[in-house]
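J.: This structure is in structure tokens; I'll ask about it shortly.
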Amino acid sequence: MAHYKYEPFDYVTPPEVAGGETRQYQVAIIGAGPIGLAAAIDLALHDVPTVVVDDNNVVSVGSRAICWSKRTLEIFDRLGVGERMLEKGVTWKVGRLFHRDHEVYNFDLLPEDGHKMPAFINLQQYYVEQYLVERAREFPDLIDLRFKNKVIAQDLADDGVTLQIETPDGPYSLRADYVIACDGAGSPTRHRMGLRFDGHTFHEQFLIADVDMPESPFKTEHPERWFWFDPPFHNGQSALLHKQPDNIYRIDLQLGPDADAEEEKKEVNVLPRIRAMVGDKPFTLDWVSVYKFTCARLERFVHGRMIFAGDSAHVVSPFGARGGNGGIQDTDNLCWKLAMIIKGDASDALLETYDQERRHGSDENLLNSSRATNFMTPKSQMEAIFRNETLILAETMPFARKLVNSGRLSEPCSLTGHDLQTPAEPDPAGLDPGMSCPDAPVLNQGKESWLLDHLGGRFVLLTIGDVALPDSPVEIDHLSVTTRGSDAGTLEDHRQFVADRYGDVTAYLIRPDQHIAARFEGAVSAAALNEALKRARGQQS
Amino acid sequence: MTNGSTMHLDDRLGADGDDFYHHLMEAHEGLSLEQSQNLNARLVLIMANQIGDIDILKSVLTAAVEAGR
């Protein structure tokens, strides 16, 4: 049986409790989930030390977040766990949508050629956390992981935060210049601070189950995503089936607003529902939960020196895989800014742009996930009629398939129009400032490589083709991509993907989070580059 | 749009599809079933005038009837 083995992490008596000196930390992170761990690793890559405290000592129980998008995988790749996730994860492409007893249509995520990462992989949250913990431990001098350290109070001052922490050996206090609260949807930090978490709670209940099933329920050997509206095995409700590694299947069943959660969770009630879905294939239950969800967010993600990221800042319904993926984009956006501030290269004002840019990303996720939820749970007879007729039209009319909403899968968030980006005229042949950089295959001194492997972590001037360079030196890394390049510092666009995606004879200023800060056509002057760089670092008033 | 009877079955709303659906549901919010049916009738008539092409309207009518069979 391939059940995941939960190995508890060691608790070590913190130096403060063991009688050591109490030192001041630059950054403390509350919560060792995917978001907190990603933040610690990202900051370590910027040479910023962190202390990570978590009240627990084991990875996520149950699969929870399972669907990781291409953008997230690219970020995880920058952090050093992307390839491991890709290797273990299940890559699915085909989705099938059923209405009642028949298939309405199917779609192929058709991975566009020339990307290192696929559109999506499915991988249980416990694996992701395990990989991140192991990666974090590769930075013993920079990341101090403290399990069974429970934060019970915080005291915010202008120049830092003091946390009161309980451990099995007694309490201690810890002072940090900045604290990132990644303590999840129920964030105790958010509650203690009494912050409003405005949004909408849906009354609909869902049963979520992980099922261990050696034999595939799909008709082909490739894993798929199956979604049903009103299936014969579950009248009037919706159902979802997804494959995870180790022959674990994720099953989501809508239960309606009046279901008795405690009753529904009982194995005796769960088993027949799953049997009705997968037939007589042998299976065992791995994890079951009944949930309701809320779409909500904090009004602000930054409260002085306390910064919220991930579910503590915003929660969405699971349809569209926007929870975990949204949270990883938070830390991707935050960490380089925080590192610059800590090194004295930027002021706290740069944190405001994290707040601005990620509230925008969060709103996009909230809008999409609310709409998917509304489509799945019609509130009136007329809403049900519209949905039903949309599904009927979808069988023969392609336009109606676009209206069927079983979750709009997470796409990279564009930061176009926000303060750090230098505005540019939209260019159909190029990319607009704010967009995240698309990947492309390149040759690095004759060896196969990927463009994104050479971007990120610092500001880069990326030039494609023969772009006239600044007349006087500007302090920034320069990466040149040409169709013939093979010198050090020059990548070869051997398959023309870079020119196709970025335009030829174009230059870009790329942020440390692989988003485009500015675009230059044909030539880059020192003045224009300096101006854009200043702006992207938040140094422009 | 072409003259004559080209009816579009492919998607023309793109990313705005979800937005349209949302506004359509919003327009029906709080209405009784009868009020909603009346709203739908008004919508059909207004949209027909927007289409403004009898050949297209006839094929749209046929397509809608047939999809429901």
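The values are calculated or read from the model by the stated rules, or taken from the named source; none is laboratory data. Just so you know, these numbers come straight off a predicted model, no measurement behind them. Glycine gets a Cβ as well: all are built from the backbone with ideal geometry, and neighbour counts include every protein chain shown.
J.: Quick check on A:L415: is it crowded, with 21+ Cβ neighbours inside 10 Å, part of a helix (DSSP H, G or I) and out of contact with any Cys (no Cβ under 7 Å at 6 or more places or on another chain)?
T.: Judged against the criteria, A:L415 is not a match.
J.: Collect the residues in segment A:332-363 that are crowded, with 17+ Cβ neighbours inside 10 Å, among the acidic types (D, E) and within 18 Å of A:M435 (Cβ to Cβ), keeping them in residue-number order.
T.: Hits for segment A:332-363 are A:D332, A:E357.
J.: Look at segment A:187-203 and say how many of its residues are modelled with pLDDT of 95 or more, not basic (K, R) and not in a helix (DSSP H, G or I).
T.: 5
J.: I need the full set of residues from segment A:179-219 which are free of Cβ contacts under 8 Å to residues at least 24 places away in the same chain and either at positive phi or not basic (K, R) (or both), in order please. Walk me through how you get there before you give the answer.
T.: Applying the first criterion (free of Cβ contacts under 8 Å to residues at least 24 places away in the same chain) to segment A:179-219 yields A:186, A:191, A:194, A:219.
A:G186, A:H191, A:G194, listed by residue number.
J.: Please specify each residue of segment A:387-412 satisfying the condition of being of a type in the set (A, V, I, L, M), more than 7 Å from every other protein chain (Cβ to nearest Cβ) and not in a loop (DSSP other than H, G, I, E, B).
T.: Once the filter is applied, which keeps residues that are of a type in the set (A, V, I, L, M), more than 7 Å from every other protein chain (Cβ to nearest Cβ) and not in a loop (DSSP other than H, G, I, E, B), segment A:387-412 yields A:L391, A:A394, A:A400.
J.: Just checking, does segment A:129-142 include any residue being touching a residue at least 12 places away in the same chain (Cβ under 8 Å) and more than 18 Å from A:L43 (Cα to Cα)?
T.: So far as segment A:129-142 goes, yes, one or more of its residues are touching a residue at least 12 places away in the same chain (Cβ under 8 Å) and more than 18 Å from A:L43 (Cα to Cα).
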